[in-house]
Amino acid sequence: MQGCNMKCSYCIVPKTRGVERGRPMDEIIDEIEKLAANGTREVTLLGQIVNQYGIREFPFVDKKSPFVQLLERVHEIEGIDRIRFTSPHPVGFKQDLIDCYARLPKLVEYIHFPMQSGSNRILKAMRRPYTIEKFKSIIAELRKVRPDMYISTDIIVGFPGETDEDFELTRQAFEEVGFDMAYLFKYSVRPGTTAEPLGDPITKEQKEQRNQILLEILRKSSLARNEALIGKNEDVLFEGPAKKGDNMFVGRTAGNRVVIVKASPRLIGQIVPVHFTRVTASTLFGELVLEGVEAGVNVTTSVAV
Ligand code: SF4
């Protein structure tokens with residue numbers, strides 16, 4: 001998908017990329033079939049609000065949205081083992097999509113779900129059309145069907161008018177959800193946005209302080225999640241050589257955790273079980289469980305829908 005019909009006050013995308021539009025479903029399926037035939041094991045469906053895919057072009061079928069229909073069709077493609085998508089929005093995130101996590105095993109147990117703020121007052125000022133209660137209730141429903149779900153988010157600290165009380169609500173929600181990863185942004189003005197006239201009244205120091213508070217919560221929750229994997233095995237899709245170390249290779253679990261182990265170039269593009277022995281907040285280390293896996297070709301491919 002390209003473009004966006006939302007009007008978030010801090011964002012320039014609707015102006016620069018135009019209205020929301022999606023590629024025809026058959027064309028996407030055709031492209032993924034070809035990728036799968038060439039060895040691709042994982043695809044990521046991309047859109048500014050990806051769960052809104054085809055909402056105007058295709059009808060609902062059996063109460064399933066066009067995006068859910070697309071997921072079902074991708075799921076049927078032989079050779080594709082992992083399906084990701086980014087980014088969904090609370091708007092239009094309904095039960096039909098939540099149910100997919102129970103019945104489509106190729107849909108990974110990872111979701112990037114932008115929260116932006118935990119204060120309803122600030123969400124309104126940002127023109128984000130949901131409440132923090134709604135946001136948290138979707139996560140609770142997702143965890144009912146996939147208790148092991150890994151969740152990442154986007155947060156903006158220091159939006160104009162964000163008081164200590166507003167930030168405290170963000171801090172509480174951030175801690176309560178227990179995100180596994182997050183992109184934390186310190187607000188800055190984007191020319192041409194509707195928030196531009198509000199200026200940038202929160203000081204750099206305040207933004208930095210708020211950022212550090214969230215970073216520390218994230219570090220603890222991410223480390224705890226990784227520590228729980230020590231002694232366990234999980235399938236890892238190998239992507240390529242690690243930045244450091246002889247014969248060290250990097251891959252990802254279905255939950256999008258970064259894994260570094262001693263391996264061989266033959267494993268690039270392959271999904272191989274790894275036994276975890278050591279972790280940091282951001283990375284899992286361990287050893288291969290199986291050897292002798294055939295060499296693969298492509299690793300992971302993103303497909304714009
Ligand atoms: S932040 Fe996302 S949803 Fe909001 S206007 Fe920008 S692209 Fe659209």
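If the requirement is being in contact with a helix residue (DSSP H, G or I) (Cβ under 8 Å, 6 or more places away or on another chain), modelled with pLDDT of 95 or more and assigned by TED's automatic domain parsing to the domain that holds residue 105, which of these qualifies: 257, 210?
210
Would you check which residues across the stretch 277-296 are modelled with pLDDT of 65 or more, of a type in the set (Gly, Ala, Ser) and touching a helix residue (DSSP H, G or I) at 6+ places or on another chain (Cβ under 8 Å) and list them?
Start the filter on the stretch 277-296 by keeping residues that are modelled with pLDDT of 65 or more, which leaves 277-290.
Add one more test, that the residue is of a type in the set (Gly, Ala, Ser), and what stays is 281-282, 286.
If the condition is that a residue be modelled with pLDDT of 65 or more, of a type in the set (Gly, Ala, Ser) and touching a helix residue (DSSP H, G or I) at 6+ places or on another chain (Cβ under 8 Å), then 281, 282 are the ones that fit.
What tally of residues in the stretch 51-88 results from selecting those that are within 16 Å of the ligand (Cβ to nearest atom), aromatic (Phe, Trp, Tyr) and over 12 Å from the mean Cα position of the chain (by Cα)?
2
Scanning for something touching a helix residue (DSSP H, G or I) at 6+ places or on another chain (Cβ under 9 Å), surrounded by 13 or more Cβ atoms within 10 Å (Cβ to Cβ) and part of a helix (DSSP H, G or I), does the stretch 179-186 turn up at least one residue?
For the stretch 179-186, residues touching a helix residue (DSSP H, G or I) at 6+ places or on another chain (Cβ under 9 Å), surrounded by 13 or more Cβ atoms within 10 Å (Cβ to Cβ) and part of a helix (DSSP H, G or I): absent.
Identify, please: which residue in the stretch 6-20 is surrounded by 15 or more Cβ atoms within 10 Å (Cβ to Cβ) and touching a residue at least 12 places away in the same chain (Cβ under 8 Å) and is, among those, farthest from residue 185 (Cα to Cα)?
If we take residues in the stretch 6-20 being surrounded by 15 or more Cβ atoms within 10 Å (Cβ to Cβ) and touching a residue at least 12 places away in the same chain (Cβ under 8 Å), then 20 is farthest from residue 185 (Cα to Cα).
Which condition number does residue 143 fail, the rest of (1) touching a residue at least 24 places away in the same chain (Cβ under 8 Å); (2) part of a helix (DSSP H, G or I) being met?
Here residue 143 clears every test but (1).
When the residues of the stretch 1-50 are narrowed to those that are among the acidic types (Asp, Glu) and more than 11 Å from the ligand (Cβ to nearest atom), which ends up nearest to residue 252 (Cα to Cα)? Walk me through it before giving the result.
At the first step, the residues of the stretch 1-50 found to be among the acidic types (Asp, Glu) are 20, 26-27, 30-31, 33, 42.
Applying the additional criterion that residues be more than 11 Å from the ligand (Cβ to nearest atom) yields 26-27, 30-31, 33, 42.
On the way: 26: 29, 27: 28, 30: 26, 31: 23, 33: 22, 42: 11 Å.
So the residue we want is 42.
Answer yes or no as to whether residue 109 is surrounded by fewer than 20 Cβ atoms within 10 Å (Cβ to Cβ), farther than 29 Å from residue 26 by Cβ, touching a Gly at 6+ places or on another chain (Cβ under 9 Å) and among the acidic types (Asp, Glu). Quick ask: steps written out before the conclusion?
Working: surrounded by fewer than 20 Cβ atoms within 10 Å (Cβ to Cβ): yes; farther than 29 Å from residue 26 by Cβ: no; touching a Gly at 6+ places or on another chain (Cβ under 9 Å): yes; among the acidic types (Asp, Glu): yes.
No, not satisfied.
Here is a list: 242, 281. Which entry is under 23 Å from the mean Cα position of the chain (by Cα) and either closer than 23 Å to residue 113 by Cα or of a type in the set (Lys, Arg) (or both)?
None of the other options fit; the residue is 281.
For residue 23, indicate whether it is within 22 Å of the chain's Cα centre (by Cα) and either at pLDDT 95 or above or over 23 Å from residue 190 (Cα atoms) (or both).
So residue 23 passes the test.
For every residue, the table says whether it meets (1) in the same structural domain as residue 282 (by TED's automatic domain parsing); (2) outside any loop (DSSP other than H, G, I, E, B); (3) surrounded by fewer than 19 Cβ atoms within 10 Å (Cβ to Cβ).
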| position | (1), (2), (3) |
| --- | --- |
| 128 | no, no, no |
| 135 | no, yes, no |
| 147 | no, no, yes |
| 156 | no, yes, no |
| 160 | no, no, no |
| 166 | no, yes, no |
| 176 | no, yes, yes |
| 190 | no, no, yes |
| 194 | no, no, yes |
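Provide a single number: the residues in the stretch 60-105 that are in a loop (DSSP other than H, G, I, E, B), more than 22 Å from residue 136 (Cα to Cα) and touching a Phe, Trp or Tyr at 6+ places or on another chain (Cβ under 8 Å).
Of the residues in that region, 0 qualify.
Among the residues of the stretch 104-119, are any of a type in the set (D, E, K, R) and touching a helix residue (DSSP H, G or I) at 6+ places or on another chain (Cβ under 6 Å)? Show your work before the answer.
Residues of the stretch 104-119 of a type in the set (D, E, K, R): 106, 109.
Narrowing further to those that are touching a helix residue (DSSP H, G or I) at 6+ places or on another chain (Cβ under 6 Å): 106.
Yes, there is a match, as at least one residue in the stretch 104-119 is of a type in the set (D, E, K, R) and touching a helix residue (DSSP H, G or I) at 6+ places or on another chain (Cβ under 6 Å).
The values are calculated or read from the model by the stated rules, or taken from the named source; none is laboratory data. Only a predicted model underlies this, so the values are computations on that prediction, with no experimental measurement involved. Glycine gets a Cβ as well: all are built from the backbone with ideal geometry, and neighbour counts include every protein chain shown.
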